[in-house]
Amino acid sequence: MSDDALNPDPEVGIEDLLDADADAEAAAAEVVEGDLERLLGERNEMRALAQQIQADFENYRKQAMKREAAIVERASEALLEKLLPVLDSFDSALAQLPPEGDESVRKGLELVHAQLVGVLEAAGLERIEADGVAFDPNEHEAVMHEDGDGDPVVAATMRSGYRVRGRVVRPAMVKVTK
């Protein structure tokens, strides 16, 4: 076969056609490389966006868990506060039992009282110790005063005070000597 059969334009040589094909291939390669760089850039942007969304979601999940725990904690504190008058009544009833009464009744009531106190303590309730300690207005509510020497000291407790997980929910009602 002659060159004329392969090349319909006799003015253009095979070298020219090969150069044109090489130029077309180089241009196509540049387009492909440009597309590849653009796609890699988009992929990196999408990856960064996905990582940011994942981090935001993780932060949201942690905040939601903290809010839920705070709600549960407040609800349990509210329940414990509502049970304080029941505990006061129970303490008062035990103090009112006659010493010469039925010992089995006393032991039974003391057992139930101990169970109630145990459950409340397990839920975070803590009795504020008051008798004989220095008066602290954050934990004690002075309702009576008596003359004494030195710094104010709690002389007697009229009503027990309580903390829930370190926070005072009801101050102890006390008599103070000054």
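The values are calculated or read from the model by the stated rules, or taken from the named source; none is laboratory data. Just so it is clear, the model here is predicted, and its values are computed rather than measured. Backbone-built Cβ (ideal geometry, glycine too); neighbour counts: all protein chains shown.
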Next item on the list: State whether one or more residues within the stretch 104-125 are in a strand (DSSP E or B), touching a residue at least 12 places away in the same chain (Cβ under 8 Å) and surrounded by 14 or more Cβ atoms within 10 Å (Cβ to Cβ).
Entry: yes
Note: among Glu30, Glu81, just one is acidic (Asp, Glu), at pLDDT 85 or above and within 30 Å of Gly166 (Cβ to Cβ), namely Glu81
Q | Selection status of Glu77, in a helix (DSSP H, G or I) and touching a strand residue (DSSP E or B) at 6+ places or on another chain (Cβ under 6 Å) | A | yes
Counted residues in the stretch 126-145 being outside any loop (DSSP other than H, G, I, E, B) and of a type in the set (Gly, Ala, Ser) come to 2
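Being part of a loop (DSSP other than H, G, I, E, B) and on the phi < 0 side of the Ramachandran plot is the requirement here; does Gly148 meet it?
Details: part of a loop (DSSP other than H, G, I, E, B): yes; on the phi < 0 side of the Ramachandran plot: yes.
For Gly148, the condition - part of a loop (DSSP other than H, G, I, E, B) and on the phi < 0 side of the Ramachandran plot - is met.
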task: Say whether the condition of being under 25 Å from Val168 (Cα atoms) and either β-branched (Val, Ile, Thr) or over 37 Å from the mean Cα position of the chain (by Cα) (or both) is met by at least one residue in the stretch 75-92.
output: yes
